[in-house]
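Each remark here refers to the structure printed beneath this line.
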Amino acid sequence: MMTNKVRVATTSLAGCFGCHMSFLDMDERLVGLLEHVEFDRSPLTDIKHCQPCDIGLVEGGLCNAENVHVLREFRNNCKILIAVGACAINGGVPAMRNHYEVQECLQEAYLNGVGVDNPMIPSDPELPLLLSKVHPLHEVVRVDYYLPGCPPSGDAFYAILSDLLAGREPSLSKTMLHYD
Amino acid sequence: MQQLLQGEPCPDQAVNGLMPHLLHQLHAIQQQYRYIPTQQSKQVSETLQLPLAQIESVIDFYSFFTRTPRGQYTLLFSNCTSCGDLALMRELCQLLKVEQGITRTDGLVSIDETSCIGMCDHGASLLINDRVIAHLDSTRLKQIAEYIESKTPLDQWSPELFSINTQIYKKGLLLEQPLEQGSALTAAFKLGSDALIQTLKQSGLRGRGGAGFTTGMKWEFCRQAQGAQHYVVCNADEGEPGTFKDRILLTDHAHELFEGMTVAAYALGAQQGYLYLRGEYRYLVPHIQQVLTERRQQQLLGQNILGQQGFTFDIELVVGAGAYICGEESALLESLEQKRGVPRIRPPFPVTHGYLGQPTVVNNVETFVAAAHIVSKGANWFKAHGTEQSAGSKLLSISGDCTKAGIYEYAFGVTVQQVLDDCGASDAQAVQVGGPSGTLVHRKDFGRQLAFEDLATGGSIMIYGQQRDLLKVVRNFTHFFAHESCGFCTPCRVGTPLLRKYLDKIEAGHGTAYDREEMARLAKLVKKRSHCGLGQTAANPILDLLEHFPHVCEQRLLHQEYEPFFNLDAALETTRQLSHRDDAEAHLA
């Protein structure tokens with residue numbers, strides 16, 4: 001079914017889905033938003049792959065090969081790509097492992113950790129390989145906008161989407177960038 | 001510190017003849033053990049009655065202190081564009097079979113780099129256990145390597161290696177006619193403190209550190225401020241890369257400096273002064289101590305100075321430990337108070353709330369020297385030189401691609417071109433005026449004047465000839481700021497390493513127009529949002545490069561929309577090996 005609605009895709013990479021939860025904090029404003037927006041690939045629709053979209057919202061940083069594939073799919077299909085939240089912008093909590101070598105992390109988790117049974121580092125081809133470090137999105141693809149916060153508030157999601165839908169350059173008020 | 005103020009002896013009184021101070025204690029420990037063992041930190045904590053957390057934060061803040069052992073011979077190569085040559089560092093690493101930053105297993109030697117050590121007129125230089133070796137070349141490196149391998153004590157090394165001989169090519173107002181000892185003080189007593197400050201104001205003297213605040217006003221504000229004590233502090237933390245004029249003043253004109261400080265003390269009613277010397281100049285300590293002793297013997301310091309009843313003033317020396325930020329006056333005061341050198345929130349300014357919260361005048365070495373001359377010779381003598389807004393003269397430290405690197409004293413208002421002609425720089429494509437935090441001047445602008453109203457400078461003039469790669473120069477500066485950021489505010493702490501990352505990417509040929517735009521956006525943000533002068537100027541080199549030398553950046557860019565920051569497939573190498581995989585999914589194109 002063809003519509004004139006703006007197509008929006010969302011995904012979470014190395015993140016906690018907290019940004020998506022916050023997205024839902026738009027509450028009843030989501031109803032109004034759906035008048036203008038149609039969701040493509042997103043945990044909300046369970047669509048597995050992106051079609052060409054207008055806006056892509058990506059939560060989480062990049063910790064493994066699959067994250068890179070998904071991010072590239074978003075970049076290739078979305079006219080506007082937005083890095084959403086601390087992990088997408090800076091690496092966030094998952095990037096705390098960057099203080100260690102990836103080898104140390106795997107050894108701790110699968111070989112030497114407390115309560116490890118049958119110690120071995122997983123090698124199933126189904127499992128995506130970890131990158132040596134966790135990276136923010138803009139180190140692997142071009143990013144158009146950054147929506148900061150851990151997570152960004154529902155108001156901030158609403159503000160950036162409203163601006164884009166109205167064809168304005170997105171701009172967040174100071175209060176939306178003040179976190180304490 | 002309290003003990004010192006009360007004039008009581010501190011248990012560990014004499015550390016190299018310096019006053020009891022956390023930085024001095026830590027330095028002595030670092031000398032003895034080549035690092036600061038935890039046990040020693042605890043002892044210092046008890047001796048100085050400071051919390052252990054404060055001791056440890058100070059150790060981690062200053063680059064000359066370490067928690068892991070450095071070599072018995074600790075070598076730090078300057079990485080400045082004028083007195084640094086890291087190719088020589090790598091050469092010596094090979095000769096001594098040691099990796100940069102990692103102490104050799106026998107503990108004999110460690111080699112690393114450090115920010116500019118102020119030897120810019122002497123070519124490539126290094127610090128070895130607090131002493132300076134300049135004019136480095138392959139021959140000298142071999143000599144150094146042999147001495148180290150044979151464990152020869154530094155005192156028995158050829159003294160020639162340590163010789164430092166700075167050329168003064170042009171003398172002006174201050175350097176031409178040395179001041180007779182005590183003459184400024186005699187003049188000050190005659191004037192009285194009110195008239196003295198008026199004289200300074202009339203002279204138009206402005207701070208020589210670079211910011212250019214009117215000295216007479218600073219002294220007046222401080223004098224008017226209420227406080228149990230007033231303090232005079234001399235900022236000799238000459239850390240701006242390319243600057244070495246204070247080193248010359250401290251070497252040859254220390255009497256005039258101390259006379260200026262004493263005049264200030266008289267004007268303010270201060271009894272205690274401090275000279276904060278950068279750690280890189282530690283080799284000057286015996287000389288400075290000697291001058292102070294002479295002045296005490298001549299009644300130019302101490303009680304009832306020159307017979308002036310009730311005028312008591314003395315000066316102590318405090319030596320830093322490798323932190324550029326301590327050149328910022330409020331960071332310097334923090335360091336003086338035995339803390340990390342983190343800039344304070346201003347206002348209140350040091351003139352009302354300075355050292356230990358008391359009214360304090362902090363001035364540059366050259367400012368005090370000029371003040372002494374002015375009080376002795378009068379405001380008009382000074383004001384007759386320079387420009388309307390920039391009275392008097394300025395000492396310039398000139399280095400880089402010229403035939404006569406050294407000290408030049410010019411009346412303010414001299415053009416860049418004139419300076420270049422005098423120092424034998426015929427093929428300059430650009431001049432960095434005022435150090436990395438200053439201005440990168442294109443040759444079309446060489447007609448501009450050195451003065452507060454045009455090109456302000458603390459004295460650093462670095463010249464870059466046609467063969468220099470300006471992107472490498474700016475990259476060097478950007479690395480410098482990222483290294484020296486004190487970490488207090490986010491725009492600078494996070495921003496400067498990000499700028500470094502973008503510039504490294506562009507320099508390596510992986511940058512795109514998108515990276516350049518992002519870098520420019522970030523540069524403006526760092527400049528606008530940082531807490532102190534370091535962050536506010538850290539992006540200047542990048543912004544100047546993009547504005548005046550756009551082709552330098554342009555020719556390095558890839559002509560494609562985007563390029564990742566790292567090699568994606570290589571980032572999977574470790575986990576490929578750990579999981580013994582080599583299937584298609586184990587690779588990223």
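The values are calculated or read from the model by the stated rules, or taken from the named source; none is laboratory data. Nothing here was measured: the structure is a model prediction, and the numbers come from that model. Methodologically, a virtual Cβ is constructed for each residue, glycine included, from the backbone with ideal geometry; neighbour enumeration extends over all protein chains shown. The area values use the complete protein model at the heavy-atom level, side chains included, leaving out ligands, DNA and RNA. Shrake-Rupley method; radii C 1.70, N 1.55, O 1.52, S 1.80 Å.
With respect to chain B, whose longest principal axis is taken over its alpha-carbon atoms, helix B:513-529 is tilted by about 30°. Counting only alpha carbon atoms, the long axis of helix B:22-33 and the longest principal axis of chain B meet at about 50°. Of B:His255, B:His385, the order by accessible heavy-atom surface (1.4 Å probe, DNA, RNA and ligands excluded), from most exposed downward, is B:His385, B:His255. Between B:Ser163 and B:Ala195, the simple label model (points 7 Å from Cα in the Cβ direction) yields a spacing of 4.9 nm.
The aspartates and glutamates within cross-link reach of B:Lys151, meaning a Cα-to-Cα straight distance under 13 Å and a gap of 8 or more places when in the same chain, are B:Asp106. Of all DSSP beta bridges confined to the protein assembly as shown, the antiparallel ones make up roughly 40%.
Label positions at B:Glu563 and B:Lys444, each projected 7 Å from the Cα along the C-beta direction, are separated by 2.8 nm. Remark: segment B:377-385, residue by residue, has Karplus-estimated 3J(HN,Hα) of 10, x, 5, 5, 3, 7, 5, 5, 10 Hz, where x stands for each Gly or Pro and the curve is 6.51 cos²θ - 1.76 cosθ + 1.60 at θ = phi - 60°.
Under 5 Å from the amide H of B:Ala124 lie the amide H atoms of B:His135, B:Leu136, each residue being 5 or more positions distant or on a separate chain, with H modelled from the backbone and absent for Pro and chain starts. Under 17 Å of direct C-alpha separation, and excluding same-chain neighbours fewer than eight residues apart, B:Lys394 reaches these aspartates and glutamates: B:Glu176, B:Glu238, B:Glu240, B:Asp246, B:Asp252, B:Glu256, B:Glu366, B:Glu409, B:Asp422, B:Glu453, B:Asp454. Segment B:231-268 and segment A:39-95 have Cα centres spaced 58 Å apart. Inter-part distance, segment B:525-539 to segment A:139-164, computed on C-alpha centroids, equals 25 Å. If you find the alpha carbon centre of segment B:278-352 and of segment B:396-410, how far apart are they in angstrom? Spelled out, the Cα-based centre of one part sits 28 Å from the other. Taken about its Cα centre, chain B carries a charge dipole of about 900 debye when Lys and Arg each add +1 at the Cβ and Asp and Glu each add -1 at the Cβ. Around the amide H of B:Leu317, modelled in the peptide plane, lie the amide H atoms of B:Met19, B:Leu275, all under 5 Å away and 5 or more residues distant in sequence or on another chain. For segment A:21-82, GluC sites (Glu not before Pro) are listed when DSSP marks them as loop and at most 10 other Cβ atoms sit within 10 Å of their Cβ; the list is A:Glu28, A:Glu35.
When the GluC sites (Glu not before Pro) in segment B:28-135 are filtered for DSSP coil states and for at most 13 other beta-carbon atoms within 10 Å of their beta-carbon, the remaining sites are B:Glu99.
Bridges between two residues of chain A, per DSSP, are antiparallel at a rate of about 20%. The long axis of helix B:215-224 is offset from the longest Cα principal axis of chain B by roughly 70 degrees. Here the dipole of the protein assembly as shown is about 1660 debye; that uses its Cα centre as origin and unit charges on the Cβ of Lys and Arg (positive) and Asp and Glu (negative). Pairs exceeding a 27 Å alpha-carbon distance, out of B:Lys245/B:Lys383; A:Lys133/B:Lys339; B:Lys201/B:Lys528; B:Lys245/B:Lys472; A:Lys48/B:Lys505: A:Lys133/B:Lys339; B:Lys201/B:Lys528; A:Lys48/B:Lys505.
When the GluC sites (Glu not before Pro) in segment B:154-256 are filtered for DSSP coil states and for at most 13 other beta-carbon atoms within 10 Å of their beta-carbon, the remaining sites are B:Glu180.
Residues within the reach of a label modelled at B:Thr105 (point 7 angstrom out along Cα to beta-carbon, backbone nitrogen below 19 Å), restricted to segment B:46-70, are B:69-70. Annotation for B:Gln43 and A:Cys105: the two label points, set 7 Å from Cα along the Cα-Cβ direction, are 4.2 nm apart.
With both bridge residues required to lie in segment B:169-383, what share of the DSSP beta bridges run antiparallel, to the nearest 5%? Rounded to the nearest five, the antiparallel share is 10 percent. Give me the net charge of B:Arg104's neighbourhood, meaning all other residues with Cβ under 14 Å from the Cβ of B:Arg104; Lys, Arg count +1, Asp, Glu -1. With Lys, Arg at +1 and Asp, Glu at -1, the net is 0. Among the residues of A:126-133, the average count of other protein chain beta-carbon atoms within 10 Å of the residue beta-carbon is 6.
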